[in-house]
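J.: Below are the structure tokens for one structure; questions will follow.
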Amino acid sequence: MTFRFSTSRRRLAAVGAGLAVAALALTACAGGSGSDASESPAGEEGFGDLTLQLSWILNEEFAGEYFADTNGYYEEAGFSSVNLVPGPETGVAPLLSGSADVALSDAVSIGSAVASEGAPLKIIGATFQANPFTILSLAAGGDIATPEDLIGKRIGVQDSNRTLFDAFLLANEIDASELTIVPVQYDPAPLVNGEVDGFMAYLTNEAITVAAEGLETTNLPFADNGLPFVAETITTTDETIASSRDMLKAFLVAEIKGWTDAVNDPEEGSRLAVEVYGAELDLNPENSLAGAIAQNELVVSEETEEFGLFWISEELQAATIESLERAGLEIEAGDLFDLSLLAEVYEENPELVAYAG
């Protein structure tokens, strides 16, 4: 049987590779590329253009951004335009070089740059309250449902994910010698073909794609098994926070509105991805809709219901820091997170806290 996977999901970039780029960029201008931003509110002229670096291709993963653009929330917030730059990209280099004002990234990539190179970056919110990483297996094959089930198995791991997988093993007190790690790419064909028993994947991508082929699957989510951390983090530079605070708050307002729409209408979010923003990517409509529905479970949590979308509680910050420590990264929460802008946004716009229509 032949399986066609039209898009292979981006993974967290290798720590070493990302830091090499970051090191070269650390001395570059940390301000945004296109923002006509200032300390004062937008006023009549607005904030100008903003460049948003996305972590992956233009699929349903960025439904909230599509809504914010399509429904005019960016324009209402004072932006002439918001340029959505597709990845794959961790966002570290574009932010440090000044080619992006804001980036959607992840706590591991940003934490690596901050902890190892002192990169002046901060996470100011997170779209995904739980990371979507999983060890995907076939129910009729490896059927890996618990960390202990990894022992003695062949697990396909991408080179860029090896550090994260090692951290997952460490979190569950499993030595790498107790299993066989098989280098793979992002196409889950080795799992389908029986070359590996488990495959490092995304709950919102490969797990859906493989199941859509009629195969019963088993997932071992990292977030539920010792390695929780936030993902699709809204990240910017310390300088942008200091010099363009009102611009960032306006951007957050537009994003909250966009993702409120995405949570309430995943069908339209998927349609925008398939027919408009990702029209050239030949996305599978059924898989895209399934992904949009699944990712909303990561966007909304008990904490976001109480405090608003993108909020990262002190407990979740601490859990993320602990996960980074398991990956060998020593960092304090205050060096990685700055939730003060989001707190001000919700204080000034309390109606935005409610996400359900």
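The values are calculated or read from the model by the stated rules, or taken from the named source; none is laboratory data. All figures in this text were calculated on a predicted structure; none of them were measured in a lab. Note: ideal-geometry Cβ built from the backbone for every residue, glycine included; neighbour counts use all protein chains shown. What goes into the accessible areas is simple: the full protein's heavy atoms, side chains included, and nothing from ligands, DNA or RNA. Shrake-Rupley method; radii C 1.70, N 1.55, O 1.52, S 1.80 Å.
J.: Any chance the range 238-259 includes a residue that's open to solvent by 10 Å² or more (accessible area, probe 1.4 Å) and without any contact (Cβ under 8 Å) to a residue 12 or more places away in the chain?
T.: Yes, because at least one residue in the range 238-259 is open to solvent by 10 Å² or more (accessible area, probe 1.4 Å) and without any contact (Cβ under 8 Å) to a residue 12 or more places away in the chain.
J.: Further question on the same structure: Which of the strands (runs of 3 or more DSSP E) contained wholly in the range 99-138 include at least 3 residues that are of a type outside the set (A, V, I, L, M)? Give the steps one after another, and end with the answer.
T.: Numbers: elements: 102-106, 121-128, 133-138.
Fully inside the range 99-138 and qualifying: 121-128, 133-138.
J.: In the set E332, E303, which member is in contact (Cβ under 8 Å) with a residue 40 or more places away in the chain and under 15 Å from F229 (Cα atoms)? Write out each step before concluding.
T.: On the way: E332 fails: in contact (Cβ under 8 Å) with a residue 40 or more places away in the chain.
Step by step, each of E332, E303 is checked, and only E303 is in contact (Cβ under 8 Å) with a residue 40 or more places away in the chain and under 15 Å from F229 (Cα atoms).
J.: Could you run through the range 86-96 and say how many residues are aliphatic (A, V, I, L, M) and open to solvent by 40 Å² or more (accessible area, probe 1.4 Å)? Steps first, please.
T.: Just the residues of the range 86-96 that are aliphatic (A, V, I, L, M), to begin with: 92-93, 95-96.
Next cut, open to solvent by 40 Å² or more (accessible area, probe 1.4 Å) only: none.
Residues in the range 86-96 being aliphatic (A, V, I, L, M) and open to solvent by 40 Å² or more (accessible area, probe 1.4 Å): 0 in total.
J.: So, one more: Would you confirm whether any residue within the range 137-151 is open to solvent by 10 Å² or more (accessible area, probe 1.4 Å), aliphatic (A, V, I, L, M) and modelled with pLDDT under 95?
T.: No, that holds for no residue.
J.: Something else: Determine, yes or no, whether P183 is open to solvent by less than 40 Å² (accessible area, probe 1.4 Å) and farther than 21 Å from L54 by Cα. Give the steps one after another, and end with the answer.
T.: On the way: open to solvent by less than 40 Å² (accessible area, probe 1.4 Å): no; farther than 21 Å from L54 by Cα: yes.
Judged against the criteria, P183 is not a match.
J.: For the subset of the range 186-217 comprising residues that are touching a helix residue (DSSP H, G or I) at 6+ places or on another chain (Cβ under 9 Å) and among the polar types (S, T, N, Q), which member is most open to solvent (accessible area, probe 1.4 Å)?
T.: For the range 186-217, the residue satisfying everything is T217.
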